[in-house]
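Let me begin by presenting the structure, written as structure tokens, before commenting on it.
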Amino acid sequence: MASDHSSLNQTKLCVHQNGDLEQQETLEIETDDFDYSKRSQWLRAAVLGANDGLVSTAALMMGVGAVKQDLKVMILSGFAGLVAGACSMAIGEFVSVYSQLDIEVAQLKRDKKRVSNGREEDQEDDSEEEKETLPNPLQAAAASALAFSVGAMVPLLAASFIKDYKVRLGVVFVAVSFALVAFGCMGAFLGKAPALRSCVRVLVGGWLAMAITFGLTKLIGSSGL
């Protein structure tokens, strides 16, 4: 009898442990999904902002450098691009996300009107959970502006202390290329995407932007317009 009782307790203990493990695995899966959904908003804004700041400022500086060899002119053009671009990104992201917020809030109000037979406590709990999932316009705008500024600082810092014209252009190109690869790898890692494909896509896009801006500005500048 004692042996049977001991065996029964061990069986209950094993079942209880298995249940705890299953609950823990389920909780980890839900946590992973929650983390990805929560960070998708700021991740999109940050990655796009950093790439835009890096490419647009570098292309602007390369374009000005195609017709003006003066260091001060090149730095001032890059700084103006940084400020204008960060403000533009922040305002655009704020308006875009706020429009999305208005749409989702209106949809939630329509859903609440349809569900009128539920208990008030359940509705309050659902409301709190729904508020947490709504997009945050200020957070997206701040992340976008900050990321744009970080990306734009790369070509500015690379060109700030080099007086020789050709060396300056080469250093800016190399620094921007390394930054493009770094941003591409970072976005791929955080988003669980293929790193090589992401890096190549970002790098080639940046090269094309700089080459087109440099070539067209050089062409227009040499034509005497």
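Results, tabulated for the structure shown:
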item: Distance-filtered residues of the range 63-96 - backbone nitrogen under 15 Å, label point 7 angstrom along Ile212 Cα→Cβ; result: 63
item: Those residues of the range 144-182 whose amide nitrogen sits under 19 Å from the label point placed on Ile91, 7 Å along Cα→Cβ; result: 144-149
item: Accessible surface of Asp52 - all protein chains present, 1.4 Å probe, nearest 10 Å²; result: 70 Å²
item: Accessible area (Å², 1.4 Å probe, nearest 10) - Arg201; result: 150 Å²
item: Simple spin-label estimate for Asp164 and Arg201 in nanometres, 7 Å along Cα-Cβ; result: 3.8 nm
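The values are calculated or read from the model by the stated rules, or taken from the named source; none is laboratory data. All values derive from a computational prediction rather than experimental measurement. Cβ atoms come from the backbone with ideal geometry, glycine included; neighbour counts cover every protein chain shown. Accessible surface areas use protein heavy atoms only, side chains included; no ligands, DNA or RNA. Shrake-Rupley method; radii C 1.70, N 1.55, O 1.52, S 1.80 Å.
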